[in-house]
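Enquirer: Would you mind keeping the following structure in view while I ask a few things?
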Amino acid sequence: MTATAFKSYRPPIIEADGDGEVLEVAMGPHHPSTHGVFRMDVALDGERVIRLKPVFGYLHRNHEKIAEKGSYLASMPYTDRLDYFCSLTNNWAYALAVEKLAGLEVPERAEYIRVITAELTRIQNHASAIGFLMQEMGASGTPLMYAFREREKILDLFEELTGSRMMCNYMRFGGCRSELPTGWLEKVKVIVAGFPAFIDEIEALLTSNEILMARAQGVGVLTPELAVNAGITGPMLRAAGVNYDIRKVDHYGIYDRFTFRVPLGDHGDIYDRYMIRVLEMRESIGILEQAIRDIPAGPIMDPKSKIRGFRPKVGEAYGRIEAPKGELGFYLISDGTSNPYRYRVRPPSLINLTVLEDMCLGQNVADVVLIFGSVDIVLGEVDR
Amino acid sequence: MKSAKEILMAIQSALPGAQVEVVLNPSPSGQHSLRIDPASALAVAVFLREDSELALDYCSNATGVDWPDKEVAEKVKVAKVVEGVEQVVEETIKHVEPGYLEAVYHLFSMKKGPVNEPGPVVLRMRTVNRTDQVKLPSLTPVWRSVEFQEREIFDLFGIVFTGHPDLRRILMWDEFEDHPMRRDYVDPDDYEYEPTPHDEVLKRAEEQKAKAAEVTQ
């Protein structure tokens, strides 16, 4: 095997044609969650994009360095601020990596609570992602407000459970922080029961909407080969038709106990990404129903776990979960002290941006906004 | 399912010249890694991606680790003449072990599912030292997913990846000179300190006030 006998995946170089006047534009900020911290350097030939470089780092606060200076537990609340739409799944990814590093086990009940909170997080993330995508398309308001109406209901649940609406901090190494409030599961049940109606409403409004189809079908296409090579994960990967869901592959937590499908797209365009998010919300509702039905009583913390004086033995571990935006991983190296020697976040948002240029090349400048919206990123996680 | 040892043997039989060794991980996670020689890294990476049994087509995570210079104290027995009598004396000799920077890659297979149990296939590469010989081959031509992550390692740790298509700073600004994730990095007191025209403004305000008072009188 020689080093030349493989295919390298680089974006094609597009030359300006004809009279060839190239206009270079600094595009952005425009996305509701990128308030001034993300822009794109775009080169345009007429309306056609011939080059695009994402520029970020404006929100960089060296999260990893801060985490290495504090104890293991001290960075748990910082993980909430990475992807601030999905604080509970961030908690889980970090807790999972530490549990692997220290060999902790999570009690049954805590595993179920984790699944319930994570799936609620996924639903509200996908709902708002769809809302934001429609906002980029010019549907200014209605779908986003419908999505936020449902999101608020879930945030009410989170507030009751964790004390906070957005920066929920609930999971601990080897379990969860506190027992569920009385009657909380009943409230979850009511909201879950009402959710299919919301998804039907969103679908009635959008799925066969002419404008959405015209703007989203066949636009921003991502091929499965490129998606795999560029490490794309989450709904974007599955919209390209690659069957890869870490809940199914790694069976972390107790995901092997639930029956659910992994929805797949065939075209890898914006429309498929929208559709995958809708279908994943439906699957999450199924998981929630099963988890609420089966949740056992019992302890919620591993007795071996301790809050003070937590010092894992020398070694390293990489733990990952299927966060709503893709693979969220934490890589930790322990040198036997109470601080992590190396603490690394593998953010799905950053790596999903790798192919932004490939998806936009040859498209119109107006499509760039929509393609960017369909990636669904949060800059807190891109920049860390 | 293959262990790190079996993957090592597969690499060695396909690429006889490649220097690869297993680095054991004593933690309960049991994720052992393969340390590869920078000279053969690209060939090993291509083999891992293209081999039909391993098919490690997905490089999930790439990051750097800084291991600073270490002062090691060793006790050595030395024959010495003390007060006219030859004796064996124990002496402590200190020497500095040079540090290095490390790039760590976590690989999975989307085609095959779990290849290595438990967890990912971990590759690591070391630079010669931390100061002037910090070049490593870029694995971006093999896995596009590390394009931004190698830029990040370059930015925050200072490893220079040869063969990277677009090696620029990514999180810090272009004029920034240091590498903030290094262990010995000392951050300045305040990045954004700028003297404000505090007293000048006060003086101007007082002048205005005096002028206004004159007018009203």
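The values are calculated or read from the model by the stated rules, or taken from the named source; none is laboratory data. As the structure is a computational prediction, the values presented were derived from the model and not from experiment. Here the Cβ is made from the backbone with ideal geometry for all residues, glycine too, and neighbour counts use every protein chain on show. Note: areas computed on protein heavy atoms with side chains; ligands, DNA, RNA excluded. Shrake-Rupley method; radii C 1.70, N 1.55, O 1.52, S 1.80 Å.
Enquirer: Exactly one of these conditions fails for residue A:206: (1) of a type in the set (A, V, I, L, M, F, W, C); (2) open to solvent by 50 Å² or more (accessible area, probe 1.4 Å); (3) out of contact with any Phe, Trp or Tyr (no Cβ under 7 Å at 6 or more places or on another chain). Give me its number.
Expert: (2)
Enquirer: Filter the range A:248-276 for residues that are open to solvent by less than 10 Å² (accessible area, probe 1.4 Å) and within 17 Å of the chain's Cα centre (by Cα); which is farthest from the other protein chains (Cβ to nearest Cβ)?
Expert: The selected residue is A:274.
Enquirer: Let me ask something else about it. Which of the residues that make up the range B:157-175 are at the interface with chain A (Cβ under 10 Å from one of its Cβ atoms) and of a type outside the set (Asp, Glu)?
Expert: Residues satisfying the conditions are B:165, B:168, B:169, B:170, B:171, B:172, B:173.
Enquirer: Next up: Could you tell me which of the residues A:338, A:334 is of a type outside the set (D, E, K, R), within 18 Å of residue A:101 (Cβ to Cβ) and within 12 Å of another protein chain (Cβ to nearest Cβ)? Give the derivation first.
Expert: Working: A:338 fails: within 12 Å of another protein chain (Cβ to nearest Cβ).
Only one candidate passes the filter, namely A:334.
Enquirer: Next up: Being farther than 22 Å from residue A:331 by Cα and either away from chain A (no Cβ under 11 Å) or small (Gly, Ala, Ser) (or both) narrows it down to one of B:73, B:62, so name that one.
Expert: Values: B:62 fails: farther than 22 Å from residue A:331 by Cα.
Every option except B:73 fails the conditions.
Enquirer: Can you say whether residue A:284 is open to solvent by less than 40 Å² (accessible area, probe 1.4 Å) and either within 12 Å of chain B (Cβ to nearest Cβ) or part of a loop (DSSP other than H, G, I, E, B) (or both), as far as the supplied structure shows?
Expert: Working: open to solvent by less than 40 Å² (accessible area, probe 1.4 Å): yes; either within 12 Å of chain B (Cβ to nearest Cβ) or part of a loop (DSSP other than H, G, I, E, B) (or both): no.
It is false that residue A:284 is open to solvent by less than 40 Å² (accessible area, probe 1.4 Å) and either within 12 Å of chain B (Cβ to nearest Cβ) or part of a loop (DSSP other than H, G, I, E, B) (or both).
Enquirer: Tell me whether the range B:38-50 contains one or more residues that are closer than 19 Å to residue B:161 by Cβ, more than 10 Å from chain A (Cβ to nearest Cβ) and outside any helix (DSSP H, G or I).
Expert: No: the range B:38-50 contains no residue that is closer than 19 Å to residue B:161 by Cβ, more than 10 Å from chain A (Cβ to nearest Cβ) and outside any helix (DSSP H, G or I).
Enquirer: Could you check the range B:30-64 and list, in sequence order, the residues that are of a type in the set (Val, Ile, Thr) and under 20 Å from residue B:19 (Cβ atoms)? Talk me through it step by step, then tell me what you get.
Expert: Step one: list which residues in the range B:30-64 are of a type in the set (Val, Ile, Thr), which gives B:36, B:44, B:46, B:63.
Correct list: B:36, B:44, B:46.
Enquirer: Would you please list the contacts, defined by Cβ atoms under 8 Å and residues six or more apart or on different chains, that run from a residue in the range A:152-176 that is closer than 25 Å to residue A:103 by Cα to a residue that is assigned to a loop (DSSP other than H, G, I, E, B) and open to solvent by 70 Å² or more (accessible area, probe 1.4 Å)?
Expert: A:169/A:177; A:170/A:177; A:171/A:177; A:172/A:307; A:174/A:105; A:174/A:304; A:175/A:299
Enquirer: Here is a follow-up. Restricting attention to the range A:287-322, which residues are within 20 Å of residue A:177 (Cβ to Cβ), outside any loop (DSSP other than H, G, I, E, B) and within 14 Å of chain B (Cβ to nearest Cβ)?
Expert: A:319, A:321
Enquirer: Next up: Give B:102, B:150 a once-over and let me know the one that is among the charged types (D, E, K, R), within 10 Å of chain A (Cβ to nearest Cβ) and under 21 Å from residue B:169 (Cα atoms).
Expert: Numbers: B:150 fails: within 10 Å of chain A (Cβ to nearest Cβ).
Every option except B:102 fails the conditions.
Enquirer: Looking at the range A:339-359, is at least one residue on the phi > 0 side of the Ramachandran plot and either in a loop (DSSP other than H, G, I, E, B) or crowded, with 24+ Cβ neighbours inside 10 Å (or both)? Step through it out loud before you land on a result.
Expert: First, the residues of the range A:339-359 that are on the phi > 0 side of the Ramachandran plot: none.
Within the range A:339-359, not a single residue is on the phi > 0 side of the Ramachandran plot and either in a loop (DSSP other than H, G, I, E, B) or crowded, with 24+ Cβ neighbours inside 10 Å (or both).
Enquirer: Considering only residues that are open to solvent by 100 Å² or more (accessible area, probe 1.4 Å), hydrophobic (A, V, I, L, M, F, W, C) and either more than 14 Å from every other protein chain (Cβ to nearest Cβ) or in contact (Cβ under 8 Å) with a residue 40 or more places away in the chain (or both), which ones fall in the range B:182-217?
Expert: B:215
Enquirer: Output the residues belonging to the range A:360-384 that are surrounded by 24 or more Cβ atoms within 10 Å (Cβ to Cβ), at positive phi and more than 13 Å from chain B (Cβ to nearest Cβ).
Expert: Residue satisfying the conditions is A:376 alone.
Enquirer: Regarding the range A:300-317, can at least one residue be identified that is in contact with an Asp or Glu (Cβ under 7 Å, 6 or more places away or on another chain) and open to solvent by less than 10 Å² (accessible area, probe 1.4 Å)? Step through it out loud before you land on a result.
Expert: We begin by selecting, within the range A:300-317, every residue in contact with an Asp or Glu (Cβ under 7 Å, 6 or more places away or on another chain); these are A:300, A:302, A:314.
Those still in the list that are open to solvent by less than 10 Å² (accessible area, probe 1.4 Å) too: none.
Checking the range A:300-317: not a single residue is in contact with an Asp or Glu (Cβ under 7 Å, 6 or more places away or on another chain) and open to solvent by less than 10 Å² (accessible area, probe 1.4 Å).
Enquirer: Against the condition of a type in the set (Val, Ile, Thr), in contact (Cβ under 8 Å) with a residue 24 or more places away in the chain and within 14 Å of another protein chain (Cβ to nearest Cβ), how does residue A:115 come out, does it pass? First the steps, then the outcome.
Expert: Values: of a type in the set (Val, Ile, Thr): yes; in contact (Cβ under 8 Å) with a residue 24 or more places away in the chain: yes; within 14 Å of another protein chain (Cβ to nearest Cβ): no.
Spelling it out, it is not the case that residue A:115 is of a type in the set (Val, Ile, Thr), in contact (Cβ under 8 Å) with a residue 24 or more places away in the chain and within 14 Å of another protein chain (Cβ to nearest Cβ).
Enquirer: Same structure, new question: When you look at residue B:179, is it surrounded by 12 or more Cβ atoms within 10 Å (Cβ to Cβ), over 29 Å from residue A:69 (Cα atoms) and modelled with pLDDT of 85 or more, yes or no?
Expert: Taking the combined requirement at face value, the residue does not satisfy it.
Enquirer: Any residue at all in the range A:58-72 that is more than 30 Å from residue A:162 (Cα to Cα), within 14 Å of chain B (Cβ to nearest Cβ) and in contact with a helix residue (DSSP H, G or I) (Cβ under 6 Å, 6 or more places away or on another chain)?
Expert: For the range A:58-72, residues more than 30 Å from residue A:162 (Cα to Cα), within 14 Å of chain B (Cβ to nearest Cβ) and in contact with a helix residue (DSSP H, G or I) (Cβ under 6 Å, 6 or more places away or on another chain): absent.
Enquirer: Moving on to the next point. Residues of the range A:231-247 being touching a residue at least 40 places away in the same chain (Cβ under 8 Å), more than 7 Å from every other protein chain (Cβ to nearest Cβ) and outside any helix (DSSP H, G or I), which ones?
Expert: Hits for the range A:231-247 are A:232, A:233, A:234, A:245.
Enquirer: I'd like to check something: does the range B:66-80 contain any residue that is buried (at least 17 other Cβ atoms within 10 Å of the Cβ), in contact (Cβ under 8 Å) with a residue 12 or more places away in the chain and touching a helix residue (DSSP H, G or I) at 6+ places or on another chain (Cβ under 8 Å)?
Expert: Yes, some residue in the range B:66-80 is buried (at least 17 other Cβ atoms within 10 Å of the Cβ), in contact (Cβ under 8 Å) with a residue 12 or more places away in the chain and touching a helix residue (DSSP H, G or I) at 6+ places or on another chain (Cβ under 8 Å).
Enquirer: Exactly one of (1) touching a Pro at 6+ places or on another chain (Cβ under 8 Å); (2) in contact (Cβ under 8 Å) with a residue 24 or more places away in the chain; (3) assigned to a loop (DSSP other than H, G, I, E, B); (4) among the small types (Gly, Ala, Ser) is unmet by residue B:60. Its number?
Expert: The single condition residue B:60 does not satisfy is (3).
Enquirer: Considering only residues that are open to solvent by 10 Å² or more (accessible area, probe 1.4 Å), part of a helix (DSSP H, G or I), under 26 Å from residue A:306 (Cβ atoms) and not hydroxyl-bearing (Ser, Thr, Tyr), which ones fall in the range A:100-133?
Expert: Residues satisfying the conditions are A:100, A:102, A:108, A:109, A:111.
Enquirer: Then there is this: Consider residue A:327 carefully, then state whether it is within 9 Å of chain B (Cβ to nearest Cβ), closer than 20 Å to residue A:130 by Cα and either surrounded by fewer than 24 Cβ atoms within 10 Å (Cβ to Cβ) or in contact (Cβ under 8 Å) with a residue 24 or more places away in the chain (or both).
Expert: Answer is yes for this residue.
Enquirer: Any residue that is outside any loop (DSSP other than H, G, I, E, B), on the phi < 0 side of the Ramachandran plot and open to solvent by 40 Å² or more (accessible area, probe 1.4 Å) - is there at least one of those in the range A:160-181? Quick ask: steps written out before the conclusion?
Expert: Applying the first criterion (outside any loop (DSSP other than H, G, I, E, B)) to the range A:160-181 yields A:160-162, A:171-172, A:175-176.
Right, trim to on the phi < 0 side of the Ramachandran plot and you get A:160-162, A:171-172, A:176.
Then drop every residue that is not open to solvent by 40 Å² or more (accessible area, probe 1.4 Å), which leaves A:160.
Looking through the range A:160-181, at least one residue is outside any loop (DSSP other than H, G, I, E, B), on the phi < 0 side of the Ramachandran plot and open to solvent by 40 Å² or more (accessible area, probe 1.4 Å).
Enquirer: Which is touching a Lys or Arg at 6+ places or on another chain (Cβ under 7 Å) and modelled with pLDDT of 85 or more, of B:27, B:40, B:33?
Expert: Numbers: B:27 fails: modelled with pLDDT of 85 or more; B:40 fails: touching a Lys or Arg at 6+ places or on another chain (Cβ under 7 Å).
Among B:27, B:40, B:33, only B:33 is touching a Lys or Arg at 6+ places or on another chain (Cβ under 7 Å) and modelled with pLDDT of 85 or more.
Enquirer: Looking at the range A:217-230, which of the residues that are at pLDDT 90 or above and crowded, with 23+ Cβ neighbours inside 10 Å is farthest from the other protein chains (Cβ to nearest Cβ)?
Expert: Per the stated criteria, the residue is A:222.
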